[in-house]
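Here the structure is laid out as structure tokens; the discussion comes afterwards.
The values are calculated or read from the model by the stated rules, or taken from the named source; none is laboratory data. Nothing here was measured: the structure is a model prediction, and the numbers come from that model. Every residue, glycine as well, gets a Cβ built from its backbone with ideal geometry; the counts of neighbours run over all protein chains shown.
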Amino acid sequence: MTILRYHIAFGIVENPARVLSMQPAALPQDGPILSPSAASFASDSPALRLNSAGWMSLPAAVMATLRTHAALKNYCRSRIQKKASIFDRPLQDFLTSYLDVVEAEIRDHANDLPGGASWDAALYDTADWFFSAFLPLPNAHLELTEEERKETGAERFIRFDVVFWTGTSLIAVTLERLSMPTPRQRHEQARFAAMRSDITFVSIPRKKNGMRLQSYLPSVCEQFWHGLRYPLGPYRPEAFRWQPAPGRLS
Amino acid sequence: MQGAVAKHMKLLSHDTMRGFGGVGEGMSLQIAKDGRRILWIAHEWAPKNFTAVDVSDPRTPRVICQTALPHNDMRSNSLEVSGDILAVAYQVAKPGGKPAGVELFDVSRPETPTSISFFDASGPHSRGMHCLWFVDGEFIHCSGGAADFEPTHFRDDQFYRIIDVRNPSHPVEAGRWWYPGTRKGDAAAPPKRVRPMPMDDIRGPDAFRLHNSNVYPERPDRAYLGYIDGGAFIMDISDKSTPKVIGTWNPHPPYPGFTHTVMPLLDRGLLVVTDECVQDEGEDWPKLTWVVDARKEDNLVPISTLPLPPVEEFGHKGGRFGSHNIHENRPGPSFRSEDYIFGVFFNAGVRVFDIKNPYRPEEVACFIPPMPENSRVATAQMNEIYVDERGVIYAGDRWSGGLYVFEANI
């Protein structure tokens, strides 16, 4: 089976090539590379989650001030929100909605969540599953291969509003905006979509007409804890930084 | 096209519109019932009123209708089409002249426009309508005078008027607002003039009157006004009978006046605000296009301007040089972008800017046609622009060049 590699610059990014050039050149064998503005991973890498190490700067001094679950969660939320430009309302709104959906999903399934009512409830709260939600990579610039560049006519990157890596699928989200793509962008996007059957492309309309976000992103929003034994927080020792993908649990 | 300067833009076609190639500030695209794309174009000067061009194939535009004004002391500078109704603004040369107002036409058969009604804005101190916005088929937002409006300065005769045309046979005023101090009897003192000389010329460079008034269906409770020397305004028009100021920003002075267009980028909390260059030979340089942070509507903050080519190269080439009209992201068969701004800059031609980083706009394409035949000045004076949803760019020369059709590789 071919292992695909994904290299993504994300967040407030003006020059994605420069962002990627500042990352380590090779993938480590035991996990993806995740920094506050770049992600490099392979198709057999574990999912990227809010508790994945590297994307969020959480100095020990700050951590010491975050004494409650709510404080840590709100800090995490604010770090995600800061990945969207102050001049990008649709993306800001999407990130808010997504994180709200994650919280609601946990509340709605509190009794079903692993450990929710068992002895280890003393160790963690069901609300801690928040950090197991899939990590949104906002304003994601996905690096193209040479062949893709030739086929699409695009330069080095193709942009999506948000990308998720679930451990089994790359989900590329485009938010419908007042802005239209230029003819060249339309062409590049169509050609790229035709070439990449491994990517799930999702377009979310501006007016959802009562449709919930889960309807557009079921595999991201619903039961994101599937296959995980317990929730991990975003701040933990190096040895516990990565959780295996669901398929590699046994 | 020999003598043209081009960067990432290609001229698809050029049409001098039967020898009447003076394009005003109105271009609006209609998809006719038979599927044809009809571009309606206002004229800068008499004798022509408006021209309809079939641009279904942008490589072979074809004039299908051209109408005449009733006399030569007037102009129809601005127009908009919404559905099958065309609204045309009539401005007369001197206050008191007629016809001054807005005429509505049924253009369901584009070759034979039929007058539906006329909204009279004439008066002893009025020159009628200069610029109008009509995108919803219901209300016209425009700069106009009125019979009952006596300005404190004769150049300040055109203010913000909202006209209800839900019954197109019987248009009625729905609301109005003017800059405080510009109407005789106002409690506020008249505004201090920015560039008052010459005092006796009604076409002088200084005015506190309205130019553009933009209202978008996504924010029907907001109007965005370019009030010439009064600057940019965001208005609350949730009650159209009493528009209220929410926010304002004015760089004039020290800048040399003439705020023209205020275009909101609603998904981004930004405004694009243009000045209009109104004097030849760089006399009123710099006339800029500003990017303004409008996330907080009552605290507008300018953050950048669109880069212009060097004044030493363009200032004395002939005619005007600087900002003017931009493609205004109107709904309909129109390209809507909050990342790219398409503008016309008189002798600096048609220019496209990438403002994805609004702090650092970049020019990504341009086209400067050569001086057209029979022009009054030594350069092309690109005056108006419209971009359709396919990305086809239509632009017009102010004096004689007529219609230019482009595509941009952006």
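Take residue B:400 and decide whether it is surrounded by fewer than 24 Cβ atoms within 10 Å (Cβ to Cβ), more than 14 Å from every other protein chain (Cβ to nearest Cβ) and touching a residue at least 60 places away in the same chain (Cβ under 8 Å).
Criteria met by residue B:400.
Okay, residues lined up against (1) surrounded by 20 or more Cβ atoms within 10 Å (Cβ to Cβ); (2) touching a residue at least 24 places away in the same chain (Cβ under 8 Å); (3) touching a Gly at 6+ places or on another chain (Cβ under 8 Å):
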residue	(1), (2), (3)
B:325	yes, yes, yes
B:332	no, yes, no
B:347	yes, yes, yes
B:351	yes, yes, yes
B:354	no, yes, no
B:358	yes, yes, no
B:362	no, yes, no
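Matching residues to (1) modelled with pLDDT of 95 or more; (2) more than 27 Å from residue B:271 (Cα to Cα):
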| position | (1), (2) |
| --- | --- |
| B:130 | yes, no |
| B:139 | yes, no |
| B:149 | yes, yes |
| B:152 | yes, yes |
| B:155 | yes, no |
| B:162 | yes, no |
| B:183 | yes, yes |
| B:202 | no, yes |
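Mind listing just one residue for me: the one in the range B:250-295 that is touching a residue at least 40 places away in the same chain (Cβ under 8 Å), assigned to a loop (DSSP other than H, G, I, E, B) and within 14 Å of chain A (Cβ to nearest Cβ) and, of those, surrounded by the fewest Cβ atoms within 10 Å (Cβ to Cβ)?
That would be B:266.
Name the residues in the range A:157-190 that are over 22 Å from residue A:20 (Cβ atoms) and assigned to a helix (DSSP H, G or I), would you?
Matches in the range A:157-190: A:183, A:184, A:186, A:187, A:190.
For residue B:318, indicate whether it is more than 14 Å from chain A (Cβ to nearest Cβ), more than 24 Å from residue B:225 (Cα to Cα), part of a loop (DSSP other than H, G, I, E, B) and under 19 Å from the mean Cα position of the chain (by Cα).
no
Which one is surrounded by the fewest Cβ atoms within 10 Å (Cβ to Cβ), of the residues in the range A:170-214 that are polar (S, T, N, Q) and either at pLDDT 95 or above or farther than 30 Å from residue A:106 by Cα (or both)?
A:197
Residue B:159: free of Cβ contacts under 8 Å to residues at least 60 places away in the same chain and surrounded by fewer than 20 Cβ atoms within 10 Å (Cβ to Cβ), yes or no?
No, not satisfied.
Please name all residue pairs, on different chains or six or more residues apart, with Cβ atoms under 8 Å, provided the first residue is in the range A:184-207 and is farther than 19 Å from residue A:4 by Cβ and the second residue is among the charged types (D, E, K, R).
Going by the 8 Å Cβ cut-off, the qualifying pairs are A:203/A:176; A:204/A:176; A:205/A:176; A:206/A:176; A:206/A:177.
Residues checked against (1) modelled with pLDDT of 90 or more; (2) assigned to a helix (DSSP H, G or I); (3) out of contact with any Lys or Arg (no Cβ under 7 Å at 6 or more places or on another chain); (4) farther than 30 Å from residue B:355 by Cα:
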residue	(1), (2), (3), (4)
A:51	yes, no, yes, yes
A:65	yes, no, yes, yes
A:77	yes, yes, yes, no
A:90	yes, yes, no, no
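Which residue, of B:91, B:66, is among the polar types (S, T, N, Q), crowded, with 21+ Cβ neighbours inside 10 Å, outside any loop (DSSP other than H, G, I, E, B) and at negative phi?
B:91
Can you confirm whether the range B:332-348 contains a residue that is part of a loop (DSSP other than H, G, I, E, B), modelled with pLDDT of 95 or more and closer than 20 Å to residue B:77 by Cα?
Yes, the range B:332-348 contains at least one residue that is part of a loop (DSSP other than H, G, I, E, B), modelled with pLDDT of 95 or more and closer than 20 Å to residue B:77 by Cα.
Given the residues B:347, B:383, which is the only one that is under 16 Å from residue B:23 (Cβ atoms), away from chain A (no Cβ under 14 Å) and in contact with a Ser or Thr (Cβ under 7 Å, 6 or more places away or on another chain)?
Of B:347, B:383, the one residue that is under 16 Å from residue B:23 (Cβ atoms), away from chain A (no Cβ under 14 Å) and in contact with a Ser or Thr (Cβ under 7 Å, 6 or more places away or on another chain) is B:347.
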